[in-house]
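Notes for the one structure printed next.
The values are calculated or read from the model by the stated rules, or taken from the named source; none is laboratory data. Note that the structure is a prediction, hence the values are computed from the model and not measured. FYI the Cβ positions are ideal-geometry reconstructions off the backbone, even for glycines, and counts take in every protein chain you see.
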Amino acid sequence: MDIPELAATRSSVVGQRLLVWTGPLLMVVFFLGFWVISGFLPPPSPMRTPNQVVAFFINHTGQKRIGLFLVGFAGALSAPGVRPSADSSNGSRATSRRNLGQQQAMTQAGNK
């Protein structure tokens, strides 16, 4: 027999653990994709000729694509952080409407 509050607490703990572990994973995957695999750090020198810049992007295109795919995947790892931040404002539409109304009133008062 599960108590609803206890089940909600368990789910919250699991969500927080997921959030804690996706942060470091995001950083590692982004680092590997952007720097190690793609070779975008350090960036190409501004002293390079146009032909050298073209050669930089033409050479190893498969490697750069895989690296940038990993960068995109790392961005997706930030998704677990979106939900808890939405809950922190109580997720109430009435609250957001009231805040919007207050902002509009302040803007109108400032224009007078």
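Summary table
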item	result
Output for the range 1-32, where each listed residue is of a type in the set (G, A, S), over 15 Å from the mean Cα position of the chain (by Cα) and modelled with pLDDT of 80 or more	none
Helices (runs of 4 or more DSSP H) fully within the range 42-97 counting 1 or more residues that are touching a helix residue (DSSP H, G or I) at 6+ places or on another chain (Cβ under 7 Å) and either acidic (D, E) or at pLDDT 85 or above (or both)	61-76
Selection from the range 15-41 of residues that are among the polar types (S, T, N, Q) and either free of Cβ contacts under 8 Å to residues at least 40 places away in the same chain or touching a helix residue (DSSP H, G or I) at 6+ places or on another chain (Cβ under 6 Å) (or both)	T22, S38
